[in-house]
Amino acid sequence: MATIATARETLFALRRQIARIQGTAAERLEVVPADPPPEEGTVLREGGVALRQGLHAAGLLATGADAFDTALGGGLPRAALTEIHGAEMRNAGAVAGFALGLAALTLSDGLPFLWIATADTHREAGTPHAPGLWFRFGIAPERMLFCETARLDDALWVADEAARLSCVGLVILELRGTARRLDLTATRRLHFRARDAGRPVLLIRHSTLAEATAAPVRLLVSPAAAGLRSTVSGPLVGSIGPPAFCVDLDKSRTGASGRFELEWNAHDRTFRHRRPEDPVALVPLSPDRERLAASARPDLASHAGGRAAAAGGQPAREERPADRRPRRAG
Amino acid sequence: MVSRRERSAQRIAALDEQAEALGLKRGMGIADARAMHPSLEVVEADPAAEERLLDGLADWCDRYTPLVALDGSDGLHLDVTGCAHLFGGERAMLDDLLKRLREQGFSARAAIASTAGAAWAAARFARGVILEAGAEAAFLRDLPLPALRLDSSVCAGLESVGLRTVGAILEAPRAPLARRFGRLPLTRLDQALGHAEEALSPRLPVATLSVERALAEPVQRMEDIEELVLMLATTARASLEARGEGAKAIELALFRVDGAVSRVGVGASRPMRDPRLIQRLFRERLAVTTIDAGFGFDLVRLNMRESARFEARQGDLTGNGRAADEEDLALFADRICARLGRAAISRPMLRESHLPERAVSLVPFADAPPPDGRGGPVPRKGTTGLPGLVPAASAAQASRTDGREQPIRLLRRPEPVEASAEVPDGPPFSFRWRRTLYRVARAEGPERIAPEWWHASPEARTRDYFRVEDTAGRRFWLCREGLYDGTPAVPRWFMHGLFA
């Protein structure tokens with residue numbers, strides 16, 4: 001076993017050297033762990049990507065959304081480092097929500113999960129709120145462990161130590177901005193430790209660009225408009241239903257990429273694709289289109305359930321003095 | 001020479017032998033002294049620095065006995081009961097103490113007696129005396145009155161009636177003395193003679209168990225210190241086992257050759273006695289503590305500050321016991337605490353409150369009760385948790401039936417936003433948070449949360465919470481504090497949380 005490991009290390013170093021000479025990114029050099037022998041079941045191919053059935057037990061974590069799982073080659077690797085990126089700090093709710101959805105999928109065996117974050121992340125995006133985690137993701141408060149560190153180096157140290165523990169069901173490391181210390185070596189250490197311990201380590205990065213890391217999968221998560229709340233008499237107009245996420249597959253083993261709209265189903269504890277018949281626009285408005293939409297207010301109002309149409313974009317008359325008062329004071 | 005301001009005049013507070021030889025005395029005006037000897041070097045007294053120095057000395061004296069008490073601003077009491085034999089007898093101990101202090105540049109006086117009062121007098125009015133028990137009266141008889149630790153006013157009063165020595169008071173009738181000068185002189189006399197108890201209050205709490213090792217050659221390297229910790233912990237293990245206890249808080253005291261004492265402590269979330277684990281905790285702690293080793297440490301001591309009943313637990317036969325997992329987790333948490341502080345790793349505990357910021361409290365891992373009743377150690381009485389906390393499971397049960405949607409992230413402090421609403425009581429139409437304008441696409445609410453009148457201040461206002469989704473799909477928890485009910489205070493809007 002040891003010789004295989006050292007041989008693999010050597011191979012890794014050589015490949016990295018070749019990559020440096022060729023000037024290509026080293027991030028695709030992830031050594032794929034030896035695949036289990038193909039079982040007798042049929043191999044489905046969708047869009048040129050083989051979809052293996054029955055890999056759930058063999059180290060893949062199926063999210064429940066078929067097309068997304070297919071693009072990932074069957075699901076997220078269970079024993080690996082997975083990167084989840086958020087473009088902006090204000091998206092922290094959606095990004096953390098998606099990661100918690102994955103956590104809820106993973107944590108089936110009663111083990112605790114550890115959420116490590118630096119203090120500035122908590123200051124900017126808020127601290128995890130246990131009742132919300134329980135309500136939406138079904139993670140019991142007694143299984144939560146939160147670790148807050150003042151410095152990035154400490155957070156990395158804790159994550160390194162936690163990644164090798166088998167008594168923790170999942171490790172989330174949440175960081176903000178660029179982290180020079182989190183380079184290829186550091187992420188590879190995290191990845192290997194996660195692999196040895198046999199459970200995922202989720203690395204959440206806020207407001208930073210993608211860098212070369214050893215994580216086999218990188219997802220860019222942004223918020224998406226939620227569906228409507230379903231009631232006995234159909235969807236409730238103007239309500240905010242289960243959370244939805246817009247997930248860009250940035251890097252994966254299969255090499256596939258794409259954008260997926262997923263919705264978290266708290267009842268079944270799975271993700272599902274947003275259906276076209278869902279009553280809210282599937283693709284969220286991009287930031288520059290948002291400004292246009294704001295000027296064309298009636299359009300927006302119509303899909304918001306006709307709420308704001310009458311106001312004509314102006315606050316009601318009787319509210320104005322109240323609205324101005326704090327401004328004058330400030 | 002050290003000067004001190006007394007009643008708006010600079011006076012001599014302390015002086016060295018040379019100055020004494022010139023005929024100067026304590027309490028003399030600096031101006032007078034300067035007139036007599038213009039070349040005097042005068043330094044302003046710094047009581048804070050003196051106190052620090054005395055504290056440092058007391059720390060250093062810890063090497064002789066754990067019971068060191070401060071005595072005023074210029075003395076130390078050491079309770080050496082049962083310690084003298086470790087240094088080869090009382091005389092050897094006293095000599096060793098004086099020699100080491102002299103080597104550090106202090107001129108000190110010390111004495112050993114069976115009562116604190118007698119020792120005080122012997123140290124100040126004699127040199128290097130060791131009084132046997134019962135010899136106090138004979139020794140004190142010839143000493144002047146200040147030897148009884150009396151104020152100058154009381155002394156002056158006694159002297160004015162002709163009682164000039166301790167012996168005179170000893171022979172005088174007690175009742176008239178007490179009537180005229182109060183109980184103090186007699187109490188002091190009884191304390192010095194051992195007729196009355198006198199309690200010394202040690203500076204540091206006395207450890208339940210401590211193990212130490214004096215080193216012939218000082219050590220400097222941290223690796224050596226870690227090895228010493230392992231060795232001391234191995235020694236302590238037998239005693240802990242004999243008591244059936246495990247240590248919960250351990251302190252390592254390092255006595256440097258030049259007298260400085262460094263103390264580092266670690267805590268454990270469950271009682272422990274395995275030397276390897278203790279060593280690991282100290283390794284983490286020492287990795288982040290900067291200790292100036294200087295010329296090395298010549299005495300290393302391990303104090304068990306707090307101990308609790310150690311419960312040996314048996315894993316189940318299948319070998320995949322939860323107990324082992326929990327133990328791993330506890331050790332991991334202890335290592336984090338040793339390195340990053342006690343509050344670094346925490347568990348949420350639900351409280352019965354509707355106010356979101358009060359509904360959860362983060363309890364340090366070591367203080368949190370174990371996740372389920374079995375497995376963890378039985379908590380001692382009174383330490384089951386903070387008052388008002390309910391066990392997480394039952395509170396979770398309660399919140400499940402509650403059915404209120406809660407955000408997954410809560411801002412530490414609600415951040416004020418500028419919001420505009422269509423109708424005053426309605427949800428916001430747009431709001432500005434952190435200098436960015438958000439348009440609200442949909443909103444749900446309000447969810448009204450009234451202040452907790454039973455412990456909130458009367459100014460606390462009712463809040464209306466709204467779940468809003470902006471045009472980009474971000475979901476926020478906004479709240480309006482205050483109502484439009486005709487009161488002069490204008491309601492304000494806050495951002496309080498983020499939804500998934």
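The values are calculated or read from the model by the stated rules, or taken from the named source; none is laboratory data. Being a predicted model, the structure only gives us computed values, none of them experimental. Note that we place each Cβ from the backbone using ideal geometry, even for glycine, and neighbour counts take in every protein chain shown.
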* To do: Output the residues belonging to segment B:412-467 that are part of a loop (DSSP other than H, G, I, E, B), over 49 Å from the mean Cα position of the chain (by Cα) and charged (D, E, K, R).
  => B:GLU422, B:ASP425
* Residue list for segment B:170-210, restricted to those being under 30 Å from B:LEU240 (Cα atoms) and not basic (Lys, Arg) -> B:ALA199, B:LEU200, B:SER201, B:PRO202, B:LEU204, B:PRO205, B:VAL206, B:ALA207, B:THR208, B:LEU209, B:SER210
* Structure fact -> Flagged pairs (Cβ under 8 angstrom, 6 or more apart or on separate chains; first in segment B:157-177, without any contact (Cβ under 8 Å) to a residue 40 or more places away in the chain; second aromatic (Phe, Trp, Tyr)) are B:GLY157/B:PHE181; B:LEU158/B:PHE181
* May I ask you to say which residue of A:ARG218, A:ARG193, A:ARG199 is part of a strand (DSSP E or B), in contact with a strand residue (DSSP E or B) (Cβ under 8 Å, 6 or more places away or on another chain), over 28 Å from B:PRO427 (Cβ atoms) and not aliphatic (A, V, I, L, M)? => A:ARG218
* Identify, from the list B:ARG480, B:ARG413, the residue that is more than 7 Å from chain A (Cβ to nearest Cβ), surrounded by fewer than 17 Cβ atoms within 10 Å (Cβ to Cβ) and over 26 Å from A:ALA244 (Cβ atoms). => B:ARG413
* Structure fact -> Of the listed residues (B:ALA233, B:ALA249), the one being surrounded by 16 or more Cβ atoms within 10 Å (Cβ to Cβ), in contact (Cβ under 8 Å) with a residue 12 or more places away in the chain, closer than 27 Å to B:LEU54 by Cβ and not charged (D, E, K, R) is B:ALA249
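Conditions tested, residue by residue: (1) of a type outside the set (Val, Ile, Thr); (2) within 21 Å of the chain's Cα centre (by Cα).
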site	(1), (2)
B:GLU227	yes, no
B:MET231	yes, no
B:PHE255	yes, yes
B:ASP258	yes, no
B:VAL261	no, yes
B:SER307	yes, yes
B:PHE310	yes, no
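Rundown of residues vs (1) within 11 Å of chain B (Cβ to nearest Cβ); (2) buried (at least 22 other Cβ atoms within 10 Å of the Cβ), yes/no style:
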position: A:LEU170; (1), (2): no, yes
position: A:GLU174; (1), (2): yes, yes
position: A:GLY177; (1), (2): no, no
position: A:ARG189; (1), (2): no, no
position: A:PRO200; (1), (2): no, yes
position: A:ILE204; (1), (2): no, yes
position: A:SER207; (1), (2): no, no
position: A:PRO216; (1), (2): no, yes
position: A:GLY238; (1), (2): yes, no
* Pairs under 9 Å by beta carbon, first residue touching a residue at least 40 places away in the same chain (Cβ under 8 Å) in segment A:180-191, partner assigned to a helix (DSSP H, G or I), six or more apart or different chains? -> A:LEU184/A:ARG16; A:LEU184/A:ALA26; A:LEU184/A:GLU27; A:LEU190/A:LEU156; A:LEU190/A:ALA159; A:LEU190/A:ASP160; A:LEU190/A:ALA163; A:HIS191/A:ALA163
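To keep it simple, each residue is scored yes or no on (1) within 18 Å of the chain's Cα centre (by Cα); (2) free of Cβ contacts under 8 Å to residues at least 40 places away in the same chain; (3) at the interface with chain B (Cβ under 7 Å from one of its Cβ atoms); (4) within 19 Å of A:ARG199 (Cα to Cα).
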position: A:LEU114; (1), (2), (3), (4): yes, no, no, yes
position: A:ASP120; (1), (2), (3), (4): no, no, no, no
position: A:GLY126; (1), (2), (3), (4): yes, yes, yes, no
position: A:LEU133; (1), (2), (3), (4): yes, yes, yes, no
position: A:ARG136; (1), (2), (3), (4): yes, no, yes, no
position: A:LEU145; (1), (2), (3), (4): no, yes, yes, yes
position: A:THR149; (1), (2), (3), (4): no, yes, yes, no
* Structure fact -> Of the residues in segment B:183-192, those that are surrounded by fewer than 18 Cβ atoms within 10 Å (Cβ to Cβ) and either more than 18 Å from B:ASP71 (Cα to Cα) or modelled with pLDDT under 85 (or both) come to B:ARG183, B:ASP190
* Filter result for the condition that a residue is exposed (fewer than 14 other Cβ atoms within 10 Å of the Cβ) and either in contact with a helix residue (DSSP H, G or I) (Cβ under 9 Å, 6 or more places away or on another chain) or at the interface with another protein chain (Cβ under 9 Å from one of its Cβ atoms) (or both), over B:GLU459, B:GLU469, B:GLU452 -> B:GLU452
* Structure fact -> Note on segment B:113-123: residues closer than 18 Å to B:ASP142 by Cα and not in a helix (DSSP H, G or I) are B:ALA113, B:THR115
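Residues are listed down the side, and each one gets a yes or a no for (1) touching a strand residue (DSSP E or B) at 6+ places or on another chain (Cβ under 6 Å); (2) not in a helix (DSSP H, G or I):
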{"position": "B:GLY259", "(1), (2)": "no, yes"}
{"position": "B:ALA268", "(1), (2)": "yes, yes"}
{"position": "B:ILE278", "(1), (2)": "no, no"}
{"position": "B:ASP292", "(1), (2)": "no, yes"}
{"position": "B:ASP298", "(1), (2)": "yes, yes"}
{"position": "B:ASN303", "(1), (2)": "yes, yes"}
{"position": "B:GLU306", "(1), (2)": "yes, yes"}
{"position": "B:GLU311", "(1), (2)": "no, yes"}
* To do: Would you mind stating whether A:ARG275 is at pLDDT 85 or above and either under 23 Å from B:GLU469 (Cα atoms) or touching a strand residue (DSSP E or B) at 6+ places or on another chain (Cβ under 6 Å) (or both)?
  => no
